Amino acid sequence: MTTLKQEKTRFDTRLSKEQKLFFERAAQLGGYRNLTDFVILTVQNRAKEIIEEREKIIASMKDSEIFFDAILNPNSPNSDLLLAAEDYKSLSPK
């Protein structure tokens, strides 16, 4: 079995003593092994939420563009649709 080696990088930040104690308490109460795990997992989850939300908005905007383009610039009916319309008209009472 092969293992992929992930390249590691460092992230440093400065916190007030109160912030660090507050975050450490949350990590402990949340059942995290340590402050680093708490910060990494919390930030990762929030980043995922933000990205998914923005991608939905972008997809929704693209869907709107496609929909309104189809409404404002419809294609001409193809032969099957024209034939179906003729069949329908022939079945309808006059």
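Among the residues of the stretch 22-56, which ones are among the aliphatic types (A, V, I, L, M) and surrounded by 11 or more Cβ atoms within 10 Å (Cβ to Cβ)? If you could, list the steps in order and put the result at the bottom.
Pass one, the stretch 22-56, residues among the aliphatic types (A, V, I, L, M): 26-27, 29, 35, 39-41, 43, 47, 50-51.
Of everything in the stretch 22-56, those that are among the aliphatic types (A, V, I, L, M) and surrounded by 11 or more Cβ atoms within 10 Å (Cβ to Cβ) turn out to be 26, 27, 35, 39, 40, 41, 43.
Looking only at the stretch 1-30, which residues are among the basic types (Lys, Arg) and over 28 Å from the mean Cα position of the chain (by Cα)? Outline the logic, then answer.
Filtering the stretch 1-30 down to residues among the basic types (Lys, Arg) leaves 5, 8, 10, 14, 17, 20, 25.
Within the stretch 1-30, 14, 17, 20, 25 qualify.
Right, residue 86: assigned to a helix (DSSP H, G or I) and modelled with pLDDT of 90 or more or not? Outline the logic, then answer.
Numbers: assigned to a helix (DSSP H, G or I): yes; modelled with pLDDT of 90 or more: yes.
When the stated conditions are applied, residue 86 passes them.
Take the residues in the stretch 6-30 that are assigned to a loop (DSSP other than H, G, I, E, B) and of a type in the set (Asp, Glu), then tell me which one is nearest to residue 42 (Cα to Cα). Don't jump to the end; show me each part of the working.
First pass over the stretch 6-30, keeping only residues assigned to a loop (DSSP other than H, G, I, E, B): 6-16, 30.
Of the ones still in play, those that are also of a type in the set (Asp, Glu) are 7, 12.
Working: 7: 21, 12: 16 Å.
Among those residues, the one meeting the criterion is 12.
State whether one or more residues within the stretch 53-68 are at pLDDT 90 or above, of a type outside the set (Phe, Trp, Tyr) and in contact with an Asp or Glu (Cβ under 6 Å, 6 or more places away or on another chain).
Scanning the stretch 53-68, I find no residue that is at pLDDT 90 or above, of a type outside the set (Phe, Trp, Tyr) and in contact with an Asp or Glu (Cβ under 6 Å, 6 or more places away or on another chain), so the answer is no.
Taking the condition among the charged types (D, E, K, R) and closer than 22 Å to residue 19 by Cβ, does residue 46 pass?
Working: among the charged types (D, E, K, R): yes; closer than 22 Å to residue 19 by Cβ: yes.
Yes, satisfied.
The values are calculated or read from the model by the stated rules, or taken from the named source; none is laboratory data. Predicted, not measured: the structure shown is a model, and the values here were computed from it. Every residue, glycine as well, gets a Cβ built from its backbone with ideal geometry; the counts of neighbours run over all protein chains shown.
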